[in-house]
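The values are calculated or read from the model by the stated rules, or taken from the named source; none is laboratory data. Bear in mind the structure is a predicted one, so any value in this text is a computation, not a measurement. Neighbour counts are summed over all protein chains in view; Cβ atoms, including those assigned to glycine, are modelled from backbone coordinates with ideal geometry. Just so you know, the surface numbers come from the protein's heavy atoms only, side chains and all, with ligands and any DNA or RNA stripped out. Shrake-Rupley method; radii C 1.70, N 1.55, O 1.52, S 1.80 Å.
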Amino acid sequence: MKKFTIPFLSAVLFTVSLNSCAEQKKKRVINFPETDLAEEYLIPKPLEVTADSGGFALDTFTVIYTSSAKGYEEVGKFLAEKIKAKTNLIVPVNVAEILNMESAIYINLSDSFDLEGPEAYQLIISPDSLVLNSHTAEGAFRGIQTIRQLIPEVGCDTLAANEIWMIPTGIINDAPQFEYRGTMLDVARHFFKVEDVKTYIDNLAYYKLNTLHLHLTDDQGWRIEIKSWPKLTEIGGASEVGGGPGGYYTQLDYSEIVRHATANYITIIPEIDMPGHTNAASVAYPILNGNGKIAKVYTAMRVGFSTLDTHKDTVYTFIDDVIREVSALSPGPYFHIGGDESHVTDKEDFIPFINRVEKIVQKHGKRMIGWEEIANAGMDSTSIAQFWRSKKNTLTAVDKGMKVILSPAKKAYLDMKYDEDSEFGLDWVGHVPVDVAYKWAPESYESIPIENILGIEGPLWSETINTISELEYLAFPRIIGFAELGWTIRENRDWEDYRIRLANQTPYLKRMNINYYRSPVIEWKQ
Ligand code: ACM
């Protein structure tokens with residue numbers, strides 16, 4: 001294990017020690033009340049917390065220093081922005097000269113702690129410094145979410161001459177259980193504006209989620225501009241469930257979502273659903289249609305009637321163009337091809353179709369994800385199956401050596417009603433109250449070996465929702481529980497403990513103006 005040696009940091013300390021000679025007399029003594037880092041309302045719950053009863057004062061004297069390694073300064077600035085938004089404090093980042101440094105946050109590239117993985121981090125919180133160590137800027141980004149959660153909602157001006165926000169001292173060592181922790185947003189059944197998707201991303205990042213899967217196309221609408229097939233959006237983008245105006249992302253809009261997600265260390269996974277769920281594409285380009293009927297604009301909710309014509313070369317040219325254009329805009333490693341509910345595609349057509357599409361995805365440099373039905377094709381073991389309903393299909397994927405993303409509808413579908421009083425949502429798999437959504441163990445679900453589990457995702461289908469407020473009603477608070485299921489190991493999860501931590505998210509949820517469902521199973525902090 002290497003020691004904690006960062007040239008940049010030693011330079012900073014040197015400057016400080018020179019200055020601190022002159023400034024010694026001014027050293028503040030703050031008598032903090034006793035603290036307990038282990039009792040903070042953190043979500044997801046970290047791997048290891050060692051509390052020691054003191055306090056670190058975040059105040060007008062606080063400064064942030066970061067490693068000069070790639071991405072670290074941006075993480076420091078991101079933290080400073082969030083501190084400003086919460087406390088109104090202006091915290092300088094990497095300023096050259098500080099006269100009186102008594103409260104410093106260091107964000108370091110370091111391998112001086114034992115946990116591995118790009119998202120691992122360590123926080124060492126002492127009375128005069130808060131040190132965040134990580135192996136990558138991504139790890140630092142996850143770590144600053146913990147810092148954000150530790151900053152009290154209100155400051156205190158009775159402990160010192162100036163207002164302070166007291167952070168409990170101690171050590172946190174933390175890393176996620178699963179590398180994939182996400183949600184899916186269906187922008188096809190109803191369209192969501194770029195600004196709404198960005199707002200959702202901001203709140204996902206706060207709970208350390210790292211993936212947003214966008215369901216970009218379906219029977220009712222096509223939402224992403226494809227320059228080589230312009231009618232997809234001109235015609236296919238102009239409809240939605242219920243007959244509203246629809247909408248679509250230009251390639252610039254989509255790139256803006258990707259840029260914002262990347263700044264929040266969230267990977268966007270584009271999904272172009274095929275060969276079923278393709279009515280909107282067939283309305284735009286009838287040559288694609290394989291169900292033997294004339295495709296008409298569709299605004300109802302029943303599924304399973306559409307298919308591409310899997311025998312036509314034009315269809316594969318179309319798929320190649322779409323996957324090429326969307327992949328070029330998507331820096332993440334994955335491309336999702338749907339593959340679900342192709343009820344009118346013959347099985348003998350479905351299997352070669354999926355195999356051919358897999359090759360196209362790979363040709364464009366991506367790893368293919370599909371809903372669990374794709375496991376019935378002779379898949380490459382690098383492709384990934386997403387479990388939503390059938391254990392049998394999912395275990396077939398496991399037998400083929402594939403990784404699996406867990407989204408079992410009866411636990412993880414964010415569009416299911418919470419209970420009979422839910423204003424929005426469907427109920428084809430029953431209700432999914434907040435406790436049911438939390439009280440399951442992805443690591444031992446349906447006999448799927450943990451080695452095959454890439455992670456967990458909560459899909460949010462949008463048949464019944466149309467606005468960001470309705471989206472938030474279904475997503476929050478269940479998505480917060482999924483963030484914990486994906487990050488926190490089984491031994492550290494407990495419903496009674498989580499309930500209290502969740503109840504104490506209200507200051508954040510209110511400050512962010514999130515329309516969360518006030519589930520009666522939680523005693524929400526007022
Ligand atoms: C699905 O819910 N059709 C994946």
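A search for C-beta distances below 6 Å between a residue of the range 321-342 that is within 12 Å of the ligand (Cβ to nearest atom) and any residue that is part of a strand (DSSP E or B) and among the aromatic types (Phe, Trp, Tyr), counting only pairs 6+ apart in sequence or on different chains, returns Gly339/Trp371; Asp340/Trp371. Where strands (runs of 3 or more DSSP E) sit wholly within the range 148-244, those with at least 2 residues that are open to solvent by 10 Å² or more (accessible area, probe 1.4 Å) and under 30 Å from Thr60 (Cα atoms) occupy 165-174. Within the set Leu454, Leu471, the sole residue that is under 23 Å from Asp218 (Cβ atoms) and in contact with a strand residue (DSSP E or B) (Cβ under 8 Å, 6 or more places away or on another chain) turns out to be Leu471.
Only a single criterion out of (1) open to solvent by 20 Å² or more (accessible area, probe 1.4 Å); (2) away from the ligand (no atom under 12 Å from the Cβ) is not satisfied by Val434, namely (1).
Among the residues of the range 260-277, those identified as open to solvent by 10 Å² or more (accessible area, probe 1.4 Å) and in contact with a Phe, Trp or Tyr (Cβ under 8 Å, 6 or more places away or on another chain) are Ala263, Tyr265, Thr267. Residues that are buried (at least 21 other Cβ atoms within 10 Å of the Cβ) and among the small types (Gly, Ala, Ser) were ranked within the range 442-473; the one that is farthest from the ligand (Cβ to nearest atom) is Gly455. Of the residues making up the range 508-517, those that are in contact with a helix residue (DSSP H, G or I) (Cβ under 9 Å, 6 or more places away or on another chain) and basic (Lys, Arg) number 1. One residue alone among Lys417, Lys403, Lys439 is out of contact with any Lys or Arg (no Cβ under 6 Å at 6 or more places or on another chain) and within 16 Å of the ligand (Cβ to nearest atom), and that residue is Lys417. Only a single item in (1) hydrophobic (A, V, I, L, M, F, W, C); (2) surrounded by fewer than 18 Cβ atoms within 10 Å (Cβ to Cβ); (3) in a loop (DSSP other than H, G, I, E, B) is not met by Ala295, and it is number (2). Is it fair to say Tyr248 is closer than 15 Å to Val197 by Cα, without any contact (Cβ under 8 Å) to a residue 60 or more places away in the chain and of a type in the set (Phe, Trp, Tyr)? Against the criterion (closer than 15 Å to Val197 by Cα, without any contact (Cβ under 8 Å) to a residue 60 or more places away in the chain and of a type in the set (Phe, Trp, Tyr)), Tyr248 qualifies. The requirement of being away from the ligand (no atom under 16 Å from the Cβ), open to solvent by 20 Å² or more (accessible area, probe 1.4 Å), touching a helix residue (DSSP H, G or I) at 6+ places or on another chain (Cβ under 9 Å) and over 21 Å from Pro176 (Cα atoms) is fulfilled nowhere in the range 498-507; no residue meets it. Taking residues in the range 410-439 that are free of Cβ contacts under 8 Å to residues at least 12 places away in the same chain, and partners anywhere that are open to solvent by 40 Å² or more (accessible area, probe 1.4 Å) and more than 12 Å from the ligand (Cβ to nearest atom), the pairs with Cβ atoms closer than 7 Å and at least 6 places apart or on different chains are Asp427/Lys417. The single condition from (1) farther than 15 Å from Gly143 by Cβ; (2) at pLDDT 95 or above that Glu97 fails is (2). Could you count how many residues in the range 299-320 are away from the ligand (no atom under 16 Å from the Cβ) and either open to solvent by 60 Å² or more (accessible area, probe 1.4 Å) or in a helix (DSSP H, G or I) (or both)? The total comes to 10. Does any residue of the range 351-368 turn out to be modelled with pLDDT of 95 or more and within 16 Å of the ligand (Cβ to nearest atom)? Yes, because at least one residue in the range 351-368 is modelled with pLDDT of 95 or more and within 16 Å of the ligand (Cβ to nearest atom).
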